[in-house]
Structures are given as structure tokens and as C-alpha cells.
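Read through the structure below, which is laid out as C-alpha cells, and then see the notes.
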Amino acid sequence: MDDKNKSSLDHLIGADESQRLMSCMQRGATRRDILKILMAGGMQATLAGGLATTAMTAHAQTPRRGGRITVASDTASVSDTLDPAKQSNKTDYCRGTMIYNGLTTLDATLTPQPALAESFATKDAKVWVFKLRKGVSFHDGKPLTPADVVFSLLRHKDPATASKAKPLADQIESVKESGPGEVTITLTSPNADLPVIVGTFHFHIVKAGTTDFNAGIGTGPYKLKEFKPGIRSVMVRNDNYWKPGKPYLDEIELVGIGDESARVNALLAGSLDLVANLNPRSIERIKGSAGYAILETQSGAYTDLILRKDVGPGANPDFVMAMKYLLDREVMRKNITLGHAVLGNDQPIDPTNRFYLAGLPQRQMDLDKAKFHLQKSGITGRVPVVASTAAMYSVDIATVMQQSAQRIGLELELKRMPAEGYWSNHWLNSPVGFGNVNPRPSADVLLTQFFQSSAPWNESRYKSEKFDQLLTGARAEIDVGKRKQMYADMQTLIHEQAGIGIPMFLASLDGYSSKLKGLSPIPLGGMMGYAFAENVWLDA
């Protein structure tokens, strides 16, 4: 129930009378019925009308149990999996959050909150103690124990597991039961973000000794009823879930539909209740259809211009700066994403992140500065720019840049590559091209994966000893204020030195039936950071 409306009602008519009205509405009473009840008690009509509205609003915000929904993600594959270690797409993540829990969970600011661990603490960011929540059971009735946590975390380190999270798990030196309901994790070096890492999808807790994941046994809000990889999954409510009152729905069917127009058509036809990843050009059609709405999640996702600093024109820092000054960010935001983005500033940490450096002066398109740096670079002739629909909006961004470049005498030759094979054949290999970076759970994970000198995904081959030292130092720093300054320094270095141009941070757009309640944005990704299942309910 909406606390503000309920508290207002309690204050005005008393808790007992408020509860009586709520009970009436749960039995189907209308606003007119509530109005009659209030006026029968001698209340003046105008006041009764206002209170009736408050009561109906409070009731509308009260989660109700029951019902079934069908949800479509935008990815599906025969390699879809029930093993948290091997999850690799949005449909996997959605399914995983239905079946499993982690030691922690990430809130709307991506701050770790207790989940299967009711508390976590450290003195040096290297040795962490997690106290497990009591009374938690797996779907088959087995109680959660420290052994399950030890097994779940250490399996990522085993090469035979082929875990997608092995690079993150490699920093774990040991995981041991250190007392009743207590686990101690020791790292190879300090990392103040460990509670964030264990709150991500791959680190969900499974039963100790599990080798066959087809049964999908977890501690999560839903139990597995049916799983057909690449086709659909069906989940039913876990009535013994450890979160009181949750989940609300009886059943959820999850499918993957790659074609965006097919997802939209199915939503508006009533076949789907929630669909992921919409094109901005579909928004008005959905908003214009009665009974449907949009969930917009602003996050750290971005499409970036990549100028490799080890080969080609990007090896010249003046050419890199010229290209950054050619980014007409506001035009791109308005015309390409139709406003569903926030301006980027060639720094990879976005405004939703607690470590975002807001004070960095915004780099504007400046043709005079672009021309100055281009001439200083001495680079002439055609410059090939590789783009693809695989990197969202990159073809549109390149087209806008091409038009701006003509005005300073630079010829950018746009090479459109097919989506199939783009990530293996062109991303990381093209001297000038584009990438896509999905939201990451922490600043450390993002910067480690894409900007550390030795990172395999260091797109522009940016190498800075100072940056690497700051990154290692920030990871070990427990004082949040000091960490924030370190991340500010790293963002400044990337802004000035890396061969990366970030024109916008992109919003995730989901469409849903207005009957579906409880959705709110979590910047880890669309559909509440893929964790919608335990939070939504159907209106009566």
C-alpha cells in the first residue's frame, strides 16, 4: 500500500475506520460505496468525496495476490540456461532472478542491500564476513546453509565450470564457513565493492554439490514449472518464499522475441503484459493505445565512438580530440533517441551512479576546435568509420558525425557492417568504429573491464599507469569520500586521454499493460534490472 496515502487516511479518520474501508474495497466496494459509508457517518459531502478519493488511491497501490502474466524479452537462444554461472542474456537474467537469490541485491542506486545475507562487514575490504538469514529454504525444502554459499561462490573459480564471472571470482582467495550461519570471504587484494559483485546475476546461490541445473532449485520467489531453451519458461509462485507477502503473481510465462515490432504488436493485441527493449519510435504508438504504458529506465548503457590509440588515425591525439569535438550530442539525443537519453561527456560513469563526476565541464560540438585539431594532426583523405545496427544507434551517430565532418574538410567513409558477426569481426578490431556497453553494477567493474591497461575489452587500447594505480587504490579504499575523488580523477583522465567518445547514456524502454503494477526503474537494466518478477502484481 502507498504509505503516504494510507497514513493520510489513518490520520483523518482513524486507523480502525481506515482499515474497515480498506476491507470493503478488497471485497469490491466502489468509490460511490465508500462515499455512502462516510456520509452515513455524518461526514460533510465535500470532505467525504476527498477522503473517498484518498482511500481508492491507497487501495489501488496495495499489491494483490493472484493472476498470470506473459513477458517477452528481446533475446532467446537454445543456449539459454538455468545455471547462474553461465547466464549470458537478458532472458537468462530475468529467469535467474525468479528462481534464485544472491547474498545481496542492488537497489535503485545500485547500492548493495541484504538478501540471503542479513548483514555483511569488513575492516580492511579484504576479509568479509557475511551472516546468513535464518529460515530460508530451497524450493525442495532444504534449508540454506553456509556450505551452499561456499560451493556457489567457489565454483566460479573452477575453469571446468566455464563461468561467465570467472574474471571477477578470481579475486576470491577463499570462502569458508566461519560459524553457525556465517561465511567469511577472503580476497587476494582489497575490494570495497565485493557486496556489489555478489549481488549480481552470476553469483546467485545454489545448493551445494549441484551439477545438474535442469530442476532449477533455488531460494527465489518462483519455482520452475517448465523450461524450453530458446522458447519459453513458466514459473509458479513459491509459497514458502522468505520475503513476507511476496511474490504476488501465481504464474509467469517468459518468452524471447527478437523482432521489436512483433513484441509491440503482441503487447497491443493483449497477448503480452510486459515487453523489453523498445525502439523510441514505438513509444507514441504504445502511449496512444488505451491501457498501455512505458517504463523508462535511465542507466549507464552507452554506444561509444572508438578510436584505437595503437593503430590508424587514433594514434594521433589531435585527431582523437577533433573527432570528440564533432559529436553533436544534443542533436543526437533529440533526433536519434527522441529524447530518451541524457548527454554524455566522454566519461563512462553515468549520472545514475553515485561516483559520477558532475563537475566535469561539458564538451560541446565545436567545429572551430575540431578543425584546429584536425589540421594539427596532419591527417587527410578518407577515414573509414565502421558502424552496425548491432551497436545501437551507431549508424545514426556516424551519419550525423559524417555531416559535421564535411564542414571542416574531413571525409568520414561510413562502412555499415551486418549485425551478424559484428562483435567478433569488427568490434575491437576496427581502427575507427563503435561499441555498445551495457550497464555495469559498479564503477570498478566498468572501469576494470573497459579501461584498465591490461583489460581484454579495452576498446581504444588506452594505457595509463596513473589510471591503473588509481583504479587499484579505489578498489581498496573504504572511505567513500576518498573513493569518489579517485573515481573523479579517473573520469577526468578518460575524458582527456582515452580514444573514446560517449555522446549519450541511453535509456532502456519497456512497454507494459497498465493493469501491471509495481514496476519502477533500477539502472542495472530494463524490467527493474531484470528483477520485476517478485515486485509486480495485477490490478483487479
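The values are calculated or read from the model by the stated rules, or taken from the named source; none is laboratory data. Remember, predicted model here, so these are calculated numbers, not experimental data. Using ideal geometry, Cβ is built from the backbone for each residue, glycine included, and neighbour counts are taken over all protein chains shown. Accessible surface areas use protein heavy atoms only, side chains included; no ligands, DNA or RNA. Shrake-Rupley method; radii C 1.70, N 1.55, O 1.52, S 1.80 Å.
Could you name the aspartates and glutamates whose alpha carbon sits less than 15 Å from that of LYS415, not counting residues in the same chain fewer than 8 places away?
Cross-link targets: ASP396.
Which stretch or stretches of segment 340-367 have amide N atoms under 14 Å from the point lying 7 Å from LYS466's Cα along the Cα→Cβ direction?
Output list for this probe position: empty.
What is the angle, in °, between the Cα long axis of helix 480-497 and the longest principal axis of the Cα atoms in the chain? Nearest 10 is fine, range 0 to 90.
Tilt of helix 480-497: around 40 degrees.
Can you tell me the FRET efficiency between ASN279 and LYS225 if r is taken as the Cβ-Cβ distance and R0 is 41 Å, rounded to the nearest 0.05?
Result of the calculation: an efficiency of 0.80.
On the accessible surface of the chain, probed at 1.4 Å, how many percent belong to carbon and sulfur atoms?
With neighbouring chains kept in place, the figure for the chain is 51 percent.
Hey, of [x] 1.07; [y] 0.93; [z] 1.01, which did the structure itself give for Cα Rg over 2.2 N^0.38 Å when calculated?
[x]
Between ASP396 and SER520, take the C-beta separation as r, use R0 = 35 Å, and let me know the FRET efficiency to the nearest 0.05.
Computed FRET efficiency for ASP396 and SER520: 0.75.
With contacts defined as alpha carbon pairs under 8 Å and 6 or more residues apart, what's the relative contact order of the chain in percent?
Relative contact order, the chain: 19 percent.
With r defined as the distance between the Cβ atoms of GLU420 and ARG382 and R0 fixed at 22 Å, what FRET efficiency is calculated, to the nearest 0.05?
After rounding, the FRET efficiency stands at 0.25.
How high is the relative contact order of segment 421-540, given as a whole-number percent (alpha carbon pairs under 8 Å, six or more residues apart)?
Reported as a whole number, the value is 17 percent.
Hey, can you find the accessible area per residue of segment 135-278 for me, probe 1.4 Å, expressed in square angstrom?
Normalised by residue count, the accessible surface of segment 135-278 is 39 Å².
Roughly how many whole Å is it from the C-alpha centroid of segment 424-494 to that of segment 288-329?
16
Evaluate the charge dipole of segment 351-449 about its Cα centre and quote only its size in Debye, nearest 20, assuming +1 on the Cβ of each Lys and Arg and -1 on the Cβ of each Asp and Glu.
200
Could you tell me what percent of the DSSP beta bridges with both partners in the chain are antiparallel, to the nearest 5?
Roughly 80 percent of the DSSP beta bridges within the chain come out antiparallel.
Taking the Cα-to-Cβ direction at ASP368 and at LYS334 and moving 7 Å from each Cα, how far apart do the two end points lie in nm?
2.2
Where in segment 194-209 is the amide nitrogen less than 18 Å from a point lying 7 Å along the Cα-to-Cβ axis of VAL129?
In segment 194-209, the label zone of VAL129 (backbone N under 18 Å from the point 7 Å along Cα→Cβ) covers 194-195.
Which is farthest toward the positive dipole end of the chain among GLY501, GLY300, ASN277, measuring Cα position about the Cα centre, with Cβ charges +1 (Lys, Arg) and -1 (Asp, Glu)?
Positive-end residue among those listed: ASN277.
Expressed in nm to one decimal, what extension gain is obtained for the pair ASP479 and GLN403 from 0.36 nm per residue of sequence separation less their Cα-Cα distance?
22.7 nm
For GLU496 and ALA269 in one chain, what is 0.36 nm times their gap in residues minus the Cα-Cα distance, to one decimal in nm?
That pair, GLU496 and ALA269, stretches by 76.8 nm at full extension.
Calculate for the chain the 222 nm mean residue ellipticity that helices alone would give, adding -39,500 (n - 2.57) per DSSP H run of length 4 or more and normalising by residue count, nearest 500 deg cm²/dmol.
Theoretical 222 nm ellipticity from helices: -9500 deg cm²/dmol.
Counting Lys and Arg as +1 and Asp and Glu as -1, each charge on the Cβ, what is the dipole of the chain about the Cα centre in debye, to the nearest 20?
Value, rounded to 20: 500 debye.
Which value, in Å², gives the accessible area per residue of segment 400-540 when a 1.4 Å probe is used on the protein heavy atoms?
Using a 1.4 Å probe on heavy atoms only, each residue of segment 400-540 averages 40 Å².
Compute the length gained on full extension between SER77 and ARG32: take 0.36 nm times their separation in residues and subtract their Cα-Cα distance, giving the result in nm to one decimal.
Extra length from SER77 to ARG32 when fully extended: 11.1 nm.
For helix 15-26, what angle does its Cα long axis make with the longest principal axis of the chain, in degrees from 0 to 90 and rounded to 10?
That helix lies at roughly 80 degrees to the long axis.
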